[in-house]
Amino acid sequence: MKLRRGLGPLALLATLYVLLVGGPYGTEQMVPDAGPGLAIAALLVMPFIWAVPYILLVAEISSSMPLQGGSYKWFSASLNRFWSFQLTILDWMSWVLDAALYPPLVAGYLTALVFEGSNRWVTWGICLVVIWGCTFLNIRGMKGMGHAALIMSAIVLVPVFLIVVLGMPRIDLSTLVPMTPEEVPRLTALNAALIWCLWNYSGYAGLASASEEIKAPERNLPKMLAILLPMSMVAYVAPMLVALSVTPDWQSWGTGHYTHVAFVLGGVGLMVLTSGAAMVSNVGLFNSEQIVISRMPYSMARDGVLPPWLAKLHPKYGTPARLLIIMAIFYSILTFFWGFMKLLYVSTWFSLPAYLMTFAAPLILRWKRPDLRGPFRIPGGWPVIILVALVPTAIALYVMFTTGWEEVRGALYLMALIPVIYLLAQWDRRRRESKPSNVE
């Protein structure tokens, strides 16, 4: 049985928006961390020096290799078995860590709005509803996911639009001063701005993991990524400019501050609408990330790199239901322990080696497979593609080597597990190959 192509251009764009943007909700902490001037400057500049090169490189390689598994297939074509496995699992684990942020955020918004003084069990119960509800949607397949993404995108965008329209006349650029917090060293503020921007403007290779479920992925994925980037810039920058002008006490901002901005601009009604949209945004982010998180190991299992039973598809919906259920159980346990800021730093830093390989893969494949080309190719030959890859590579390396030990210690411990996973997978593969009659 094959996975079913159900995601057309509009549903693909909506899924990308829900997966990679989800509105400005959760970005409020960037301002006290980096400062108002630097936060806005970084959100305006980073798309051009990080996101545009990133999207161009992903567009070229996904256009020439529109294969289920995405980065797993690209790394496998570029590297030997050992290193492709390490980087694929690294990429997969970074998505897992990132996804773990969202069910507790939904619970936090809901308990603040409805339940006064809620306990851990109420919070975890809400997390379970999010986790298993999203698992049900994913098991039903990408077509249902695309429809859900369209609805979620509309719900998320309405309060953002109202906040920007109501607040636009009150925008005051003098609130962008100071550039950085006076009590924070400038390099620390710069690193914080970069970490936040890498989180906001990344993941563009993620949905390539589900290429077999996208209609004409070699054409539609690059086109929709090009449309997504300006949408994401507006979604981040415009509400933040309004928020700084309406509530200039940026030192006290925290997660959920946009609900306060909505109250100032539109009263209780807009506050409730914004809080609901924030919860939908986080549900959408978690829901969409399950596509990436399940399809990577599915493709590896289908190729025999992981146990083949993980690649068994649902008989009715044609989706990797076993992987999705295993991940739901994992998240049900995990949501007891994760904290937002720690996970933000760990998951972002954890992603950097995979980003570096994603930037290098199109160059390696141009050299190894000059005949391999799709509908989109970065023009200008080798000088241009090298320059396109060098700029985001330099940014990733800077962040990798300047992030503090406390922020990355957990990531290094997790990285140490990947060679162990590789050895276990190799042992299982040799065991299966020694029993040729045992084929599922």
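The values are calculated or read from the model by the stated rules, or taken from the named source; none is laboratory data. Quantities reported herein were computed from a predicted structural model and do not represent experimental measurements. Quick reminder, even Gly has a Cβ in these numbers, built from the backbone with ideal geometry, and neighbours come from all protein chains shown.
At a glance:
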{"read-out": "Boolean, LEU270 is in a helix (DSSP H, G or I), buried (at least 22 other Cβ atoms within 10 Å of the Cβ), touching a Pro at 6+ places or on another chain (Cβ under 8 Å) and at pLDDT 90 or above", "value": "no"}
{"read-out": "Exclusive hit being within 30 Å of CYS127 (Cβ to Cβ), modelled with pLDDT of 85 or more and surrounded by fewer than 17 Cβ atoms within 10 Å (Cβ to Cβ), set ILE386, ILE333, ILE329", "value": "ILE329"}
{"read-out": "Members of region 111-152 that are modelled with pLDDT of 75 or more and not in a helix (DSSP H, G or I)", "value": "ARG140"}
{"read-out": "Some residue of region 56-64 being crowded, with 22+ Cβ neighbours inside 10 Å and under 28 Å from TRP250 (Cβ atoms)", "value": "no"}
{"read-out": "Filter result for the condition that a residue is of a type in the set (A, V, I, L, M), surrounded by fewer than 24 Cβ atoms within 10 Å (Cβ to Cβ) and in a helix (DSSP H, G or I), over LEU166, LEU221", "value": "LEU166"}
{"read-out": "Residues of region 13-49 that turn out to be at pLDDT 85 or above, surrounded by 19 or more Cβ atoms within 10 Å (Cβ to Cβ) and farther than 29 Å from SER252 by Cα, as a count", "value": "2"}
{"read-out": "Residue in region 364-371 that is in contact (Cβ under 8 Å) with a residue 40 or more places away in the chain, outside any helix (DSSP H, G or I) and over 30 Å from CYS134 (Cβ atoms) present", "value": "yes"}
{"read-out": "Residue that is surrounded by the most Cβ atoms within 10 Å (Cβ to Cβ), among those in region 169-191 that are hydrophobic (A, V, I, L, M, F, W, C) and in contact with a Ser or Thr (Cβ under 9 Å, 6 or more places away or on another chain)", "value": "ALA189"}
{"read-out": "Residue match in region 170-192 (condition: out of contact with any strand residue (DSSP E or B) (no Cβ under 8 Å at 6 or more places or on another chain) and under 16 Å from TYR54 (Cβ atoms))", "value": "no"}
{"read-out": "From the options VAL391, VAL408, residue that is over 16 Å from LEU306 (Cα atoms), surrounded by 10 or more Cβ atoms within 10 Å (Cβ to Cβ) and modelled with pLDDT of 80 or more", "value": "VAL391"}
{"read-out": "Hits in region 241-285 (condition: free of Cβ contacts under 8 Å to residues at least 24 places away in the same chain and on the phi > 0 side of the Ramachandran plot)", "value": "GLY267"}
{"read-out": "Residue count, region 225-267 (criterion: assigned to a helix (DSSP H, G or I), out of contact with any Pro (no Cβ under 8 Å at 6 or more places or on another chain) and of a type in the set (S, T, N, Q))", "value": "2"}
{"read-out": "Filter result (of a type in the set (A, V, I, L, M) and within 18 Å of LEU221 (Cβ to Cβ)) within region 58-113", "value": "VAL58, ALA59, ILE61, MET65, LEU67, ALA77"}
{"read-out": "Residues of region 336-370 classified as of a type in the set (Phe, Trp, Tyr) and either at positive phi or modelled with pLDDT of 80 or more (or both), total", "value": "5"}
{"read-out": "Of all residues in region 372-398 being without any contact (Cβ under 8 Å) to a residue 40 or more places away in the chain and part of a loop (DSSP other than H, G, I, E, B), the one that is farthest from the chain's Cα centre (by Cα)", "value": "GLY380"}
{"read-out": "Any hit, region 176-196, residues being aliphatic (A, V, I, L, M), at pLDDT below 90, within 18 Å of the chain's Cα centre (by Cα) and under 30 Å from ARG377 (Cα atoms)", "value": "no"}
{"read-out": "Tally of residues being modelled with pLDDT under 80 and surrounded by 10 or more Cβ atoms within 10 Å (Cβ to Cβ) across region 424-437", "value": "0"}
{"read-out": "Any hit, region 290-305, residues being among the hydrophobic types (A, V, I, L, M, F, W, C) and in contact with an Asp or Glu (Cβ under 6 Å, 6 or more places away or on another chain)", "value": "no"}
{"read-out": "Of residues in region 252-267 being in contact with a Ser or Thr (Cβ under 8 Å, 6 or more places away or on another chain) and of a type in the set (Val, Ile, Thr), the one surrounded by the fewest Cβ atoms within 10 Å (Cβ to Cβ)", "value": "VAL264"}
